[in-house]
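One structure is given below, encoded as structure tokens.
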Amino acid sequence: MTTMIDPLRRAATVASAAQAVKCGEFTLTYAETWDRCQRLAGALTAMGMRRGDRVAVMGANCHRYLELYQAAPGAGFAIVPLNHRHTDTELRYALDDSGARVLFCDRDAGPFGSGVEHVIRLDSEYEELLTHAPRSPFPDDVREDDIAGLFYTG
């Protein structure tokens, strides 16, 4: 069985010191990426997220986006990527329809989603969140047929 987190788990084991991510001048090894994903899973769990809950993200491609794509499904949550080109109405619909409880974004979120409980900016707020988050091991019972993501188109 293979889930979203398994390739990173293996890479962190067999090539921990190899470069995994380059985003501008920012680089991470597989071990560092694994650590950050475990901290992200810990932060989401500390927010009260439970298996099957939705985690939305709206922002430009970067290492943080990659971490969310791996950590959320790896921890049993579903990732909800949002297109920053969508209108406010479309974004609000996707957030409400998906039931996203957490939104990571790189701009003002405005009045999006009545059910969104936590809005975290994909900059210093995200880094602050990881700095203070406990590492959380990824559960072994996430199955390959669990919902990993919900994708909305315009």
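Would you mind checking the radius of gyration and Dmax of segment 113-154 based on alpha-carbon positions, in Å?
Every Cα atom of segment 113-154 included, Rg and Dmax give 14.7, 37 Å.
What ranking of Val14, Val116 comes out by heavy-atom accessible area, probe 1.4 Å, highest first?
Highest to lowest solvent-accessible surface, that is Val14, Val116.
Dividing the alpha-carbon radius of gyration of segment 17-68 by 2.2 N^0.38 Å (N being the number of residues), what value is obtained? Intermediate values should be presented prior to the final figure.
Working: Rg = 12.4 Å, N = 52, 2.2 N^0.38 = 9.9 Å.
Expressed relative to 2.2 N^0.38 Å, the Cα Rg reads 1.26.
Taking a spot 7 Å from the Cα of Glu90 along the direction of its beta carbon, which residues of segment 111-149 have an amide N less than 20 Å from it?
111-114, 149
Restricting the count to DSSP beta bridges whose residues both fall in segment 7-154, what percent are antiparallel, rounded to a multiple of 5? Walk me through the numbers on the way to the answer.
Values: 4 of 18 bridges.
If we restrict to bridges inside segment 7-154, about 20 percent are antiparallel.
Mind giving me the nanometre distance, one decimal, between the label points for Cys23 and Glu144, set 7 Å out from Cα along Cα→Cβ?
Each label point is offset 7 Å from its Cα along the Cβ direction, giving 2.9 nm.
What length, rounded to one decimal in nm, is gained on full extension from Asn83 through to Ala60, with 0.36 nm per residue of separation minus their alpha-carbon distance?
Taking Asn83 through Ala60 to full extension adds about 7.4 nm, to one decimal.
Above 21 Å lies some portion of the pair distances; for the chain, what is it as a whole percent of all C-alpha pairs? List each step's numbers first, then the result.
Details: 4917 of 11781 pairs.
The calculated P(r) of the chain puts 42 percent of pairs beyond 21 Å.
What number results when the radius of gyration of segment 73-150, computed over Cα atoms, is divided by 2.2 N^0.38 Å?
Values: Rg = 13.9 Å, N = 78, 2.2 N^0.38 = 11.5 Å.
For segment 73-150, the normalised Cα radius of gyration comes out at 1.21.
Highest first, please rank the peptides 52-65, 28-41 by the mean number of other Cβ atoms sitting within 10 Å of their residues. Write out the running numbers ahead of the final one.
Details: 52-65: 19.3, 28-41: 21.1.
Packing proxy ranking, top to bottom: 28-41, 52-65.
The values are calculated or read from the model by the stated rules, or taken from the named source; none is laboratory data. The model shown is predicted, which means the values in this text are computed figures rather than measured ones. Don't worry about glycine lacking a Cβ; one is built from the backbone with ideal geometry, like all the others, and counts go over all protein chains shown. Ligands, DNA and RNA are excluded from the accessible area calculation, which covers all protein heavy atoms including side chains. Shrake-Rupley method; radii C 1.70, N 1.55, O 1.52, S 1.80 Å.
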